[in-house]
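The values are calculated or read from the model by the stated rules, or taken from the named source; none is laboratory data. This structure is a prediction, so every number in the text was calculated from the model and none was measured. Quick reminder, even Gly has a Cβ in these numbers, built from the backbone with ideal geometry, and neighbours come from all protein chains shown. SASA here: full protein model, heavy atoms, side chains in, ligands and nucleic acids out. Shrake-Rupley method; radii C 1.70, N 1.55, O 1.52, S 1.80 Å.
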Amino acid sequence: MKFFIDTANLDQIKEAQELGVLDGVTTNPSLMAKEGITGKDNILKHYVDICNIVDGDVSAEVVATDFDNMVKEGEELAELHEQIVVKVPMIKDGVKALKYFSDKGIRTNCTLVFSPGQALLAAKAGATYVSPFLGRLDDISTDGLNLISEIRLIYDNYGFETQILAASIRHTMHVIDCAKIGADVMTGPLSSIDGLLKHPLTDIGLAKFLEDYKKGNS
Ligand code: G3P
């Protein structure tokens, strides 16, 4: 399972990278705005800064919603750095753009996916990654994890190579549940990765080991 971090915050990206388990980064226009990154030049520079911190794929989202401008914007993003994956929304022109990019060998991440049918279309169009937003489904009392399971079943039935990137992960249990289902990738906040570390018995056990060591070596 690949671990991506879902942020445009360079400090958090560095912290996750230093842990040694980071496989990539996902961003979106909201995450960029949250970090105060505005204006095309600043946004493009920020993507390059992120690529220079991590070794893996960095999703950069187009903001155009028509085919011609999605293609123009996506090609510009892909030119920025070899690690860039062009993130395209699940709309009709987005599906056309996914197919266009796939035919040109440009890697893509189809975002804002909320149904198995949308995921099937993304795979048919040759998306590298599909991003079902499980947290946002949970927010509206719909089982987000069930969507990940349905997509896994469909992709396995036909051997689609599109990787399931479980997105809108909110906490550590989402990560563990997605791993059980067999999502290829998860993207979440740093806290969802850090949470995997924690168990009270580990802390209690370590304190006892150190205490006993001190007793025997003082
Ligand atoms: O990668 C998609 C993600 O950014 C959405 O997460 O927490 O805004 O639903 P969230």
Determine the sum of side-chain charges near ASN109: Lys and Arg each +1, Asp and Glu each -1, restricted to other residues whose C-beta is under 13 angstrom from that of ASN109. -1
Would you compute the Debye intensity of the chain from its alpha-carbon atoms alone, equal scatterers and no solvent, and pass along log10 I(q)/I(0) at q = 0.16, 0.18 Å⁻¹ to two decimals? -1.05, -1.30
Considering only DSSP states other than H, G, I, E and B, which GluC sites (Glu not before Pro) in the stretch 1-93 qualify as loop sites with at most 16 other Cβ atoms within 10 Å? GLU35, GLU82
Taking a temperature of 25 °C and a viscosity of 0.890 mPa s, what whole-number D in µm²/s does Stokes-Einstein yield for the stretch 123-199 with Rh from Kirkwood over alpha carbon pairs? 193
Are any of the pairs LYS40/LYS92; LYS72/LYS92; LYS2/LYS34 more than 21 Å apart by Cα-Cα distance, and if so, which? LYS40/LYS92; LYS2/LYS34
Computed over the stretch 157-218, protein heavy atoms only, probe 1.4 angstrom, the accessible area per residue in square angstrom equals 63
So how far apart, in nm, are the two label points at ILE53 and ASP103 if each is 7 Å from Cα heading toward Cβ? 3.7
Rounded to whole Å, give me the distance from the Cα center of the stretch 87-148 to that of the stretch 178-195. 18
On a 0 to 90 degree scale, rounded to 10, what angle separates helix 10-19 from the longest Cα axis of the chain? 60
Taking Rh as the Kirkwood radius computed over alpha-carbon pairs of the stretch 1-95 and applying Stokes-Einstein at 37 °C with viscosity 0.692 mPa s, one gets a diffusion coefficient in µm² s⁻¹ of 243
